[in-house]
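*Asks:* Once you've had a glance at the structure underneath, I'll fire off some questions.
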Amino acid sequence: MTLRVAADTGGTFTDFVAVDEETGRIDIAKVPSTPGDPSEAVVAGLREVAASSAVSFFSHGTTVGTNALLEGKGARTALLVSEGFRGVYEVREQTRGYGQAIFDFFFRRQDPLARPRETLEVPERVGADGAVVRPLDPAAASRIAQQVRDLGVESVAVCLLFSFRDDRHERMLRDALARVLPEVPVSLSSAVLPQVREYHRLATTVANAYLRPTLGRYLGRLESRLGEAGVRTPRRYVMQSNGGVTTLGRAAERAVATIVSGPAAGVIACETIGRAAGRADLVTFDMGGTSCDVALVRGGRATTTAQTKIAGHDVAVPMLDIHTVSAGGGTIARVERIGGTARLRVGPDSAGARPGPVAYGAGGTQPTITDAHAVLGTLSADAALGGRVSLDVRAAREAVRRKIAEPLGLTIAAAAAGMLRVVDVQMGEAIKAITTRRGFDLREFTLVAFGGAGPHPGVTSALGLLVSDVRHDHVRSRLDRLDELAPRTAESEFMGLEDAATAELRDEGFAPESIQLRRALDLRYLGQGYELTTPIEPGPIDPLAIRAAFDAEHERQFGHAAPDRAVEVVSYRVAAIGRVVPVALARVPAADGPVEHARVGEREAGLGEHGEPLRCAVYERSRLRAGHGFAGPAIVRQLDATTCVLPGQRVEVDAFGDLLISELAVGRGPEPPDR
């Protein structure tokens, strides 16, 4: 027996999925996360789902890098820049942001990850064409290395002007630093992000340096623990932000590429689920213990972005386009008084794994979204969350009464329902941010909801780790007018990137037939200050087809195009995919009896419009079969999730056991019977 195992670390639970490669059997488990050292929970759960010696494939989704950035607990970092350009990091884009930030009287930028007093200037200069204007003297490189040593930093970021055209000076500094600080990691911008836009290249390189020691130490501990537990397979991977996995060693070097590791896995799982269900256009909705992550899948493939902000810091690496709001099961609700008026506020802080919601009985005192569900009965008092945590409904009711209901003059049920309405609005705004505000019609998409606080199996993100391919992204900037670009020039740029990417995958054991290469160009109208990444179809370079695709995408995103304006190529991109043997989703048996066989009782739950209690049928998820159907109000329970079906909604069970929930049309005949 050989097993493929995935471990996804969340804010409250660490989820596991183990798949028997011979029989296809799937086993799941959830263990409480251990924030002090997440590897403890990983090894503990691994022992529950698998015999370590049988593990042939291990994949991990981690929040270590994310948390270090959010909490400001990364490494003390030095920054080396070209002489005369030490202010680039502090000046940034010279903007204060968009949206609400424009009207925020108390707006304050995040402190830089590398402090000004630990920023050193390097006497060198490379021109925009890649020509060396001022050579870097080896003695100067050695002197700067000595200065860095005297700073006592834990990591170094090097970002010299136009080093993506000629990286020799950055490599000289790396070698000089290695001679005096052999244990200190050095991140070069020419390796982390070899593309134009000085500030974003610098900010991304600094973020990588800031996270690298923290993530490296964690992955080192994890590797040791896996070895001690008997996991010997060389196929040990970490999820990246781009939707692919990479080796533990490469992840430690490219720490910035793992910032949204956990959420990315869930999106990839939804691609697989949607493909099996015959639905290519999806809104993925991952509600966990501390946050809610939403993303868009178009035509069966998740949308990506090359630039984003994480905790106020700019990061410009390829990643799935995931929008996050502070709305999870552990999100805390409180009453604030503004000008003598009481106001309900939900989030952004969370009770996390320790102490967690009040209902968990682990010392939590602040009412959370999970507590609101316990009060309303949507989470049953006799259900053990994840098979482990029993709910103390009485404690949850008392917390909601004292902290929310009494200050607002509401009943306990109305207060709990109000908490859910507020958090629902926040999550709805997150969905709008990636759909209607970008020109998409929501009616054309299917919502796939999952996560520890969502209805689809709570281990969906862990499943995504098992179906994700290995992926490496390569980029190189070179500015050319598209109408003057010789196809052989573009082909040469792509081939250089593809050769490097293919070599990486072959070093990791992938045969040529298992490697897929995807090309793209960053394009803009001449004079624009931003680019759109445009996929390039396989085959000979066709500038006219590329131009048409760019114009169409610009029209869709911004409502206008400029077909009479010249288009400029900014960067060449290659994504190298190492295909992993896919995991086939298991089918459920066809129904051989009525849905009543899956019904295990009834209970009152606050599924009314204003949280009023309704009598709900309760179904056991494991007993539902393909072809079963029923209408709300109803509750579907299972080990790792609870699904609430509201009045006016109907559930159909598909061949894979997915619950397809749709709104019943008003005035279109009688409601279909349960079956």
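Every read-out reported here was derived from the displayed coordinates using simple, explicitly stated rules and does not represent laboratory data. Because the structure is a prediction, the values reported are computed rather than measured. Heads up, the Cβs are rebuilt from the backbone with ideal geometry, glycines too, and the neighbour counts pull from every protein chain shown.
*Asks:* About its Cα centre, what dipole magnitude does the chain give when the only charges are +1 on Lys and Arg Cβ and -1 on Asp and Glu Cβ, stated in debye to the nearest 20?
*Replies:* Working: 79 positive and 84 negative charges, 252 e Å.
So the magnitude is around 1220 debye.
*Asks:* Moving to a separate point now. Could you tell me the convex hull volume per residue, in Å³, taken over the Cα atoms of the range 1-129?
*Replies:* Details: hull volume 30.6 nm³, N = 129.
Expressed per residue, the convex hull around the Cα atoms of the range 1-129 is 237 Å³.
*Asks:* Between Val55 and residues 5 or more places away or on another chain, which pairs have amide H atoms under 5 Å apart, with H built 1.01 Å from N, and which residues are they?
*Replies:* The list, which skips near neighbours in sequence, is Leu3.
*Asks:* Also, quick follow-up: Below 12 angstrom from the Cβ of His313, what's the summed charge of the other residues (Lys, Arg +1; Asp, Glu -1)?
*Replies:* Details: positive: Arg92, Arg109, Lys309; negative: Asp111, Asp314.
Once positives and negatives cancel, what remains is +1.
*Asks:* In whole percent, what relative contact order does the range 593-645 give with Cα contacts below 8 Å and a gap of six or more residues? The partial results should precede the final answer.
*Replies:* Values: 87 pairs, mean separation 15.9, N = 53.
Relative contact order, the range 593-645: 30 percent.
*Asks:* Among 591-599, 509-517, 547-555, what's the highest-first ranking by average C-beta atoms within 10 angstrom per residue? Mind showing how you got there, number by number?
*Replies:* Values: 591-599: 15.1, 509-517: 13.3, 547-555: 16.9.
The densest-packed peptide leads the list: 547-555, 591-599, 509-517.
*Asks:* Additional query: Can you tell me, using C-alpha contacts under 8 Å and at least 6 residues apart, the relative contact order of the range 470-578 as a whole percent?
*Replies:* On the way: 175 pairs, mean separation 54.3, N = 109.
Dividing the mean separation by the residue count of the range 470-578 yields 50 percent.
*Asks:* Moving on. Name the lysines eligible as straight-distance cross-link partners of Lys30: C-alpha to C-alpha under 24 Å, and not fewer than 8 places from it in the same chain.
*Replies:* Within reach: none.
*Asks:* I would also like to ask the following. Tell me, in nm to one decimal, what length is gained between Ala362 and Met495 on full extension, where the rule is 0.36 nm per residue of separation less the Cα-Cα distance? List each step's numbers first, then the result.
*Replies:* Working: separation 133, 0.36 × 133 = 47.88 nm, distance 5.66 nm.
Answer, rounded to one decimal: 42.2 nm.
*Asks:* Here's something else I'd like to know. Quick query: amide H of Ser33 versus all other amide H atoms, modeled in the peptide plane; which residues come in under 5 Å with a sequence gap of 5 or more or a different chain?
*Replies:* The answer is Phe13, Thr14.
*Asks:* Something else now. Hey, can you rank 570-579, 270-279, 484-493 by average C-beta count inside 10 Å, highest first? Don't jump to the answer; show the numbers that get you there.
*Replies:* Details: 570-579: 21.3, 270-279: 18.4, 484-493: 14.3.
Answer by packing, highest mean first, reads 570-579, 270-279, 484-493.
*Asks:* Moving to a separate point now. Give me the Debye-computed log₁₀ of I(q)/I(0) at q = 0.25, 0.27 Å⁻¹ for the range 193-255, equal point scatterers on Cα only, no solvent, two decimals.
*Replies:* -1.08, -1.16
*Asks:* Over the alpha-carbon set of the range 331-427, work out the extent along each principal axis and list the three values in angstrom, largest first.
*Replies:* Here the Cα extents, ordered largest to smallest, are 45, 25, 24 Å.
*Asks:* Relative to the present Cα-Cα distance, how much length would full extension add between Ser662 and Glu508 at 0.36 nm per residue of separation? Numbers along the way, then the final one.
*Replies:* Working: separation 154, 0.36 × 154 = 55.44 nm, distance 4.46 nm.
Extra length available between Ser662 and Glu508 comes to 51.0 nm.
*Asks:* List the aspartates and glutamates whose Cα sits under 16 Å from the Cα of Lys432, skipping any in the same chain fewer than 8 residues away.
*Replies:* Qualifying aspartates and glutamates at Cα under 16 Å: Asp281, Asp286, Asp293, Asp321, Asp424, Asp441, Glu444.
*Asks:* In whole percent, what relative contact order does the chain give with Cα contacts below 8 Å and a gap of six or more residues? Don't jump to the answer; show the numbers that get you there.
*Replies:* Values: 1499 pairs, mean separation 77.6, N = 675.
So the answer I get is 11 percent.
*Asks:* Run the paramagnetic zone check for Ala552: 7 angstrom along Cα to Cβ, then residues of the range 293-308 with backbone nitrogen under 17 Å.
*Replies:* Only 298-301 fall inside the zone, counting backbone N under 17 Å.
*Asks:* Still on this structure, I have one more. Reachable aspartates and glutamates from Lys73, Cα under 15 Å, same-chain residues fewer than 8 places away excluded?
*Replies:* Correct list for Lys73: Asp37, Asp111, Glu154.
*Asks:* Hey, could you grab the Kirkwood Rh for the range 182-329? Inverse mean 1/r over distinct alpha carbon pairs, Å, one decimal.
*Replies:* Details: mean 1/r = 0.0602 Å⁻¹.
This gives a value of 16.6 Å.
*Asks:* Same structure, new question: If we count every other residue with Cβ under 9 angstrom of Phe85's Cβ, Lys/Arg +1 and Asp/Glu -1, where does the sum land?
*Replies:* Working: positive: Arg86; negative: Glu83, Glu121, Glu198.
In short, -2.
*Asks:* Under the Kirkwood approximation for Rh and a Cα-based Rg, what ratio Rg/Rh is obtained for the chain?
*Replies:* Working: Rg = 26.3 Å, Rh = 26.8 Å.
Rg/Rh: 0.98.
*Asks:* Ok, one more. Net charge near Arg334: determine it from the other residues with C-beta under 12 Å of the C-beta of Arg334, scoring Lys and Arg +1 and Asp and Glu -1. Please list the in-between numbers first.
*Replies:* Values: positive: Arg337, Arg343, Arg345, Arg402, Lys403; negative: Glu336, Asp349.
Local charge sum for Arg334: +3.
*Asks:* Continuing with this model, one more query. Could you sort the peptides 640-649, 316-325, 238-247 by per-residue average Cβ neighbour count (10 Å cutoff), highest mean leading? Numbers along the way, then the final one.
*Replies:* Working: 640-649: 18.7, 316-325: 22.0, 238-247: 25.7.
Sorting 640-649, 316-325, 238-247 by mean packing, highest first, produces 238-247, 316-325, 640-649.
*Asks:* Quick one: Asp314, Asp293, Asp175, fewest Cβ neighbours within 10 Å first, how do they rank?
*Replies:* Details: Asp314 19, Asp293 25, Asp175 14.
The most exposed by this proxy come first: Asp175, Asp314, Asp293.
*Asks:* Is there a quick way to get the dipole size of the range 331-427? I mean about its Cα centre, with the Cβ of Lys and Arg at +1 and of Asp and Glu at -1; what is the value in debye to the nearest 20?
*Replies:* Values: 12 positive and 8 negative charges, 43 e Å.
For this selection, approximately 200 debye.
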